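Here is the structure we will look at, set down as structure tokens.
Any read-out appearing in this document is the output of simple, stated calculations on the displayed coordinates, not a laboratory observation. Note that the structure is predicted; figures quoted are calculated from it, not measured. Here Cβ is always computed from backbone atoms with ideal geometry, including for glycine, and neighbour counts include all displayed protein chains.
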Amino acid sequence: MNLRYQFIGGRIMKASQLFYPTLREVPSEAEIASHQLLLRAGFIRKTSAGVYSYLPLAKRVLRKIENIIREEMDRAGGQELMMPIIQPQELWEKSGRWSVYGDEMFRLYDRHNRGFALGPTHEEIITTLVDADVQSYRDLPLLLYQIQNKYRDEIRPRFGLMRGREFIMKDLYSFDVDYEGLDVSYKKMHSAYRAIYDRMNLNYRVVEADSGAIGGNESHEFMVLADSGECTVIYCESCDYAANVEKAQCKAADDIKSKSDLMSIEKISTPGMKTVHDLVTLGISEQEVLKTLMYSADEEIIAVVLRGDRDLNEIKLKNFLGAEQLFMADEASVRERCGAGFGSLGPVGLKLKIYADLELTGMRNFSCGANEDNYHFTHVNMGRDFVPEAVIDLRNAVEGDLCPVCSASLKSIRGIEVGHIFKLGTKYSDAMGASFINANGEEKAMIMGCYGIGVSRTMAAAVEQNNDDNGIIWPIPIAPYHVIIVPVNTKKEEQMQAANSIYEELIADGIEVILDDRDERAGVKFKDADLIGIPIKITIGPKSLQEKQAEVKKRWEGETELVPLDQVVKTIKGIIAAGMKK
RNA sequence: CGGGAUGUAGCGCAGCUUGGUAGCGCGUCUGGUUCGGGACCAGAAGGCCGCAGGUUCGAAUCCUGUCAUCCCGACCA
């Protein structure tokens, strides 16, 4: 393999000149490993909440990630372009998202008071662009991508690069003549994404996802597995099923159907009891309680019922209802409609549409609010005491649920969403009027897909997954430098001579290497080398030098290997080649 | 947006209760001794105590406002 695989810029490779200000102490604002380490190791500095400067080491990592992405996008037939960050209001009004996007969108106004958005995404621009210059089916399919800064005024930026307000993203948009074409483009991207994360040596999983506000019907997320992840992934060890918890289906669990006889409904006094947990003090378990939630779905108040210990999945509810807006009803209007406040609600006698979770099918004789403050019913049964509008899958899947595909027990794990691919269909091509003339001379809307990768977030995710007490451990394919050479004492000429000659040889072979020529004590240099996470460290010290040897240590392993000086370059090349392929 | 916390030197913090002109550790600079996992000694530089008002003879400290940052939550009754 050719190690001279990419030149990512930067000629300064001597630590004495490199700008990587390391910190001995943890900045107090940083909570998670990637944030702390990227700050401490001199990769990033905060400019304002959720907005960061990327220092030279970080820039190199970003370039490597970008280059891997570029190669795979190009291989899949993508063409790179670049679109503006500043986007005119009128484009966003055309798609209807100027109002829909809300506070998440940074807005600014020019001297003529014309509105602009700082692009949170680029569907509007690209669709307009393609509309203007693509008229014929002969020009399709088209796969266009860019790597660009994006802006989202997050409610709460957090965790450093994980959830920033300015971030780097690769976004590709596909334009096809029909849905079969979209399937082809989607599959190309799916495998390109796998190739990208494989090449970066990240431990990830592809999961089924909800396509959310962007619209469309098929969607996958690429999750880098890490405890600090903001997403919960539900997956099956017996088959390939994996889904974002927002999407994960719950099976109707026939086998847990209660066999007890139906008992008569009974009203009990429950003074002051408002929560499911309160009822537990009466000897009723959370599994025997029926929880009633009131929602306002496009102005209509509805009731949702599910088992007391379960969590409602609002996305499932929203999708089922096809509602534009869904939020919990306020207590005043609930009291007006139901005659009781939160905590005393139940489905019995309710004159509202009731949506019941699938799991309730298997429940008998449960307890719920009586729609009268301080009273509950026990021995309530669905079908007899109330009839729901629909019985559907409404709850969040949890570990131990049955796999919807193979019925094995599901597991749950945390993940960082680093990639997301969508089938969009014609949502934007319709809105922006992006059409073409097909072979029969008919005008048709282009069928679109969009495919994103959080570049800066991927860098953080890589750190999150690859670190130890001493610092970062970069996977070789995205490490800022492959090798760091540490002469134990820069004042000893023979050490510097040996270090320099290895340094020159490695550079000549296209290997990216830092020579730590600083007049520092060995301990300081070792600590910094570990902190910034360079995968391979070569130590030149008096002990081994006497034997004409250097010490080679992999950052991810404990042992040091003694290598004859004239074999060092060969050894290093071997380690890198193995690390690039892994 | 709701709740909580914090703003004092590049970083980490003390001082604030009980007002009296700012301190510690790390880092930085100079000199020396050291030199294989964040050395030691001596010296030095560095602060509109977030900002704006107010109280007071006097404010980092008390009061009001404001801004910023971080954490939790944002509707599971």
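Some observations on this one:
- Sole residue being within 16 Å of RNA strand B (Cβ to nearest atom) and touching a helix residue (DSSP H, G or I) at 6+ places or on another chain (Cβ under 9 Å), chosen from A:GLU154, A:GLU124: A:GLU154
- A single member of A:ASN500, A:ASN489 is within 11 Å of RNA strand B (Cβ to nearest atom) and over 30 Å from A:ILE32 (Cα atoms), and it is A:ASN489.
- Candidate set from the stretch A:15-37 (those that are within 18 Å of A:PRO480 (Cβ to Cβ) and of a type in the set (Ser, Thr, Tyr)); member that is farthest from the chain's Cα centre (by Cα): A:SER16
- Options A:SER429, A:SER456, A:SER435, A:SER409: the member that is crowded, with 24+ Cβ neighbours inside 10 Å and either farther than 30 Å from A:GLN546 by Cα or within 16 Å of RNA strand B (Cβ to nearest atom) (or both): A:SER456
- Within the stretch A:351-366, the presence of at least one residue that is part of a loop (DSSP other than H, G, I, E, B), touching a residue at least 12 places away in the same chain (Cβ under 8 Å) and loosely packed, with under 15 Cβ neighbours inside 10 Å is confirmed.
- In the stretch A:502-512, the count of residues that are more than 30 Å from A:ILE68 (Cα to Cα) and of a type in the set (Ser, Thr, Tyr) is zero.
- Looking only at residues in the stretch A:284-302 that are within 21 Å of A:ILE268 (Cβ to Cβ) and either within 8 Å of RNA strand B (Cβ to nearest atom) or of a type in the set (Gly, Ala, Ser) (or both), the one that is farthest from the chain's Cα centre (by Cα) is A:SER285.
- No other residue among A:GLU66, A:GLU71 is more than 16 Å from RNA strand B (Cβ to nearest atom), without any contact (Cβ under 8 Å) to a residue 12 or more places away in the chain and part of a helix (DSSP H, G or I) apart from A:GLU71.
- Summed over the stretch A:524-551, the residues that are among the charged types (D, E, K, R) and touching a His at 6+ places or on another chain (Cβ under 7 Å) give a count of 0.
- Residue tally, condition of a type in the set (D, E, K, R) and assigned to a helix (DSSP H, G or I), over the stretch A:319-346: 4
- Residue in the stretch A:85-105 that is closer than 18 Å to A:PHE167 by Cβ, β-branched (Val, Ile, Thr) and surrounded by fewer than 16 Cβ atoms within 10 Å (Cβ to Cβ) present: yes
- The single condition among (1) touching a strand residue (DSSP E or B) at 6+ places or on another chain (Cβ under 8 Å); (2) near RNA strand B (Cβ under 8 Å from one of its atoms) that A:SER48 does not meet is (1).
- Test: residue in the stretch A:1-15 that is more than 16 Å from RNA strand B (Cβ to nearest atom), part of a loop (DSSP other than H, G, I, E, B) and of a type in the set (Lys, Arg): yes
- Residues located in the stretch A:532-552, provided they are touching a residue at least 40 places away in the same chain (Cβ under 8 Å) and buried (at least 20 other Cβ atoms within 10 Å of the Cβ): A:ILE532, A:GLY533, A:ILE534, A:PRO535, A:ILE536, A:LYS537, A:ILE538, A:THR539, A:ILE540, A:LEU545, A:ALA550
- Helices (runs of 4 or more DSSP H) contained entirely in the stretch A:506-582, each with at least 1 residues that are more than 11 Å from RNA strand B (Cβ to nearest atom): A:568-581
- Tallying residues that are out of contact with any Asp or Glu (no Cβ under 8 Å at 6 or more places or on another chain), in contact (Cβ under 8 Å) with a residue 24 or more places away in the chain and part of a helix (DSSP H, G or I) within the stretch A:297-318 yields 1.
- Residues satisfying the stated conditions in the stretch A:77-125, i.e. closer than 23 Å to A:ILE168 by Cβ, among the polar types (S, T, N, Q) and not in a loop (DSSP other than H, G, I, E, B): A:GLN79, A:GLN87
- If only residues of the stretch A:49-63 that are outside any loop (DSSP other than H, G, I, E, B) and not hydrophobic (A, V, I, L, M, F, W, C) are counted, the one that is nearest to A:TYR20 (Cα to Cα) is A:PRO56.
- For the stretch A:465-486, a residue qualifies if it is within 14 Å of RNA strand B (Cβ to nearest atom) and touching a strand residue (DSSP E or B) at 6+ places or on another chain (Cβ under 8 Å), and the qualifying residues are A:ILE473, A:ILE484, A:ILE485, A:VAL486.
- Candidate set: the stretch A:41-61, residues that are over 21 Å from A:ALA529 (Cβ atoms) and crowded, with 20+ Cβ neighbours inside 10 Å; chosen: the one farthest from the chain's Cα centre (by Cα): A:TYR52
- Verdict on A:ARG165 being touching a residue at least 60 places away in the same chain (Cβ under 8 Å), of a type outside the set (S, T, N, Q), in contact with a strand residue (DSSP E or B) (Cβ under 6 Å, 6 or more places away or on another chain) and more than 14 Å from A:PHE422 (Cα to Cα): yes
- Only a single item in (1) in contact with a Lys or Arg (Cβ under 6 Å, 6 or more places away or on another chain); (2) in a helix (DSSP H, G or I) is not met by A:VAL130, and it is number (1).
- A:ALA578 meets each of the listed conditions (1) within 32 Å of the chain's Cα centre (by Cα); (2) touching a residue at least 40 places away in the same chain (Cβ under 8 Å) apart from (2).
- Residue pairs meeting the criteria (Cβ under 8 Å; at least 6 apart or on separate chains; first under 11 Å from A:TYR295 (Cα atoms), in the stretch A:319-333; second part of a helix (DSSP H, G or I) and near RNA strand B (Cβ under 7 Å from one of its atoms)): A:LEU326/A:GLU314
- Among the residues making up the stretch A:171-181, those that are surrounded by 24 or more Cβ atoms within 10 Å (Cβ to Cβ) and either in a helix (DSSP H, G or I) or not hydroxyl-bearing (Ser, Thr, Tyr) (or both) are A:LEU172, A:PHE175.
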